[in-house]
1. Tally the residues that are acidic (Asp, Glu) and under 55 Å from the mean Cα position of the chain (by Cα), restricting the search to region 106-123.
2. Got a number for residues in region 168-211 being within 14 Å of ligand 2 (Cβ to nearest atom), without any contact (Cβ under 8 Å) to a residue 40 or more places away in the chain and within 29 Å of the chain's Cα centre (by Cα)?
3. Filter region 315-344 down to the residues that are surrounded by fewer than 16 Cβ atoms within 10 Å (Cβ to Cβ) and of a type in the set (D, E, K, R), then identify the one that is nearest to residue 247 (Cα to Cα).
4. Within region 22-33, identify whether any single residue is modelled with pLDDT of 95 or more and over 34 Å from the mean Cα position of the chain (by Cα), and answer yes or no.
5. Collect the residues in region 170-189 that are in a loop (DSSP other than H, G, I, E, B) and away from ligand 1 (no atom under 16 Å from the Cβ), keeping them in residue-number order.
6. Could you check region 296-408 for strands (runs of 3 or more DSSP E) lying wholly inside it with 1 or more residues that are touching a Ser or Thr at 6+ places or on another chain (Cβ under 7 Å) and within 29 Å of residue 9 (Cα to Cα)?
7. I'd like to check something: does region 217-228 contain any residue that is more than 14 Å from ligand 1 (Cβ to nearest atom), closer than 30 Å to residue 296 by Cβ, assigned to a loop (DSSP other than H, G, I, E, B) and among the hydroxyl-bearing types (Ser, Thr, Tyr)?
Amino acid sequence: MIEIEAALQLIADTARQLAAESLPLSDVAGHVLAADITSDVDSPPFDKAMMDGFGVRSEDFAAGIRQFPVVAQITAGTSFDETVQPGEAVQIMTGAPVPSGIDAVVMVEQTSQAISGGDAVVTMEAARCLPGQNILKRATAMSVGETILPTGRVIRSEDIGVLAEAGAATCPVIRKPTLAVLATGDELVDVSSRPAANQIRNSNGPMLASLARELCSNVADLGIGVDDREQLAALVQRGLSYDVLVLSGGVSAGTRDMVPAVLQELGVEQVFHKVKIKPGKPIWFGTRTGPGTVNSWVFGLPGNPVSSMVCFHVFVAPLLLRLAGCDPQQRQLSAQLARDHSQRPGRTTYWPSRLEWTDDQWLVEPLDWKGSADLKTLAAANCFVVFDGARDTFRTGDAVPVFCMDNG
Ligand code: AMP
Ligand code: MG
């Protein structure tokens with residue numbers, strides 16, 4: 001049995017970044033960029049009006065002129081290609097190009113308009129009119145050829161706007177892994193069935209598939225495998241065509257626990273079996289090597305659903321992130337314990353808990369959890385307190401590490 005840190009290191013040692021692919025802009029959020037993205041336009045592409053109003057020469061205003069004939073109306077998407085002369089104004093809308101001769105825009109609310117002798121005239125009521133006012137100069141935000149997002153950056157939804165502006169209709173990104181989930185156990189039936197005596201529904205398959213979807217490009221739920229070597233081997237073989245195969249059940253010491261043997265028969269080499277973690281001790285991890293490199297990563301997670309979930313968060317998610325080119329971020333923070341807690345010392349324990357920001361600090365309450373088969377309590381949890389296996393008593397107010405559930 002190995003420590004959690006040692007297991008994480010062994011998993012990381014097998015990981016490599018998957019190949020790059022080109023994806024349409026609509027699909028790239030959450031991916032890592034495989035090349036710098038440069039802009040093919042200046043932003044803004046011209047000196048741009050930032051207000052609806054009237055463009056004038058600020059030196060006219062400084063010289064005391066307040067009434068101007070309006071020589072053009074410029075709306076967004078159009079332009080006025082002549083030079084505006086001293087003493088003249090143009091009406092201009094937000095987003096329209098500022099014509100030559102104009103160096104300030106006075107907002108419409110600080111003007112009044114009239115018709116004089118059939119011509120439009122604007123009167124400035126503004127107190128000030130300074131050079132450059134309400135104009136964004138060409139290329140202020142970015143220039144043609146400038147790198148807007150560098151290689152290695154995780155693309156956020158917030159980045160999609162600037163990528164669109166820069167003309168990145170497709171982006172080179174690191175491929176996210178594909179993943180198959182296979183739940184094993186003679187006692188399992190599908191969620192759509194009513195379990196007969198001695199049976200339970202397959203909770204892990206849908207749960208693991210859903211967790212994996214946040215980090216993978218394609219997730220296949222292979223359903224339920226019975227505890228039979230031959231039938232299991234056929235399903236595992238299918239699962240090995242994905243980058244990552246996650247099994248649940250069949251990795252403990254029971255007479256029907258045949259997952260490790262089936263995996264090894266199919267050429268998956270064991271990297272470790274059993275980790276000092278609670279819940280999740282029986283976890284199995286191995287890899288299958290194709291021509292020169294690992295091409296399948298396989299986890300055998302313990303069947304108890306909370307064990308499966310904890311193992312997914314702690315061990316599987318960091319591998320999925322590494323394959324996709326991300327650096328797994330530290331997901332722990334420190335919080336104050338909201339009540340006393342005691343445990344049998346031994347393994348590091350991930351305890352379903354509720355974290356709240358209260359009175360300017362993180363306060364965490366361990367829930368009344370009934371053990372690794374109790375999924376219902378987990379629905380009320382938003383984190384796990386990570387209780388040190390060396391201690392048996394924890395007091396209200398103690399600072400404890402908290403593992404957050406989301407992958408952010
Ligand atoms: P195992 O790891 O196969 O020994 O299973 C441990 C416990 O988890 C047993 O009580 C199983 O019935 C239960 N279990 C196994 N697989 C699942 C599953 N997919 N969904 C819910 N419970 C499961
Ligand atoms: Mg089983």
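1. Of the residues in that region, 1 qualify.
2. So the answer is 1.
3. 327
4. no
5. 175, 176, 177
6. Of the strands (runs of 3 or more DSSP E) lying wholly inside region 296-408, those with at least 1 residues that are touching a Ser or Thr at 6+ places or on another chain (Cβ under 7 Å) and within 29 Å of residue 9 (Cα to Cα) span 348-358, 361-366, 383-387, 399-404.
7. Within region 217-228 (the criterion being more than 14 Å from ligand 1 (Cβ to nearest atom), closer than 30 Å to residue 296 by Cβ, assigned to a loop (DSSP other than H, G, I, E, B) and among the hydroxyl-bearing types (Ser, Thr, Tyr)), the answer is yes, since at least one residue qualifies.
One line per residue, one yes/no per condition, for (1) in the same structural domain as residue 186 (by TED's automatic domain parsing); (2) small (Gly, Ala, Ser); (3) modelled with pLDDT under 95; (4) within 21 Å of residue 257 (Cα to Cα):
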residue: 293; (1), (2), (3), (4): yes, no, yes, no
residue: 301; (1), (2), (3), (4): yes, no, no, yes
residue: 314; (1), (2), (3), (4): yes, no, no, no
residue: 362; (1), (2), (3), (4): no, no, no, no
residue: 365; (1), (2), (3), (4): no, no, no, no
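The values are calculated or read from the model by the stated rules, or taken from the named source; none is laboratory data. Keep in mind the model is a prediction, meaning the values are calculated, not measured. Cβ sites come from the backbone with ideal geometry, for glycine too, and all protein chains shown count toward neighbours.
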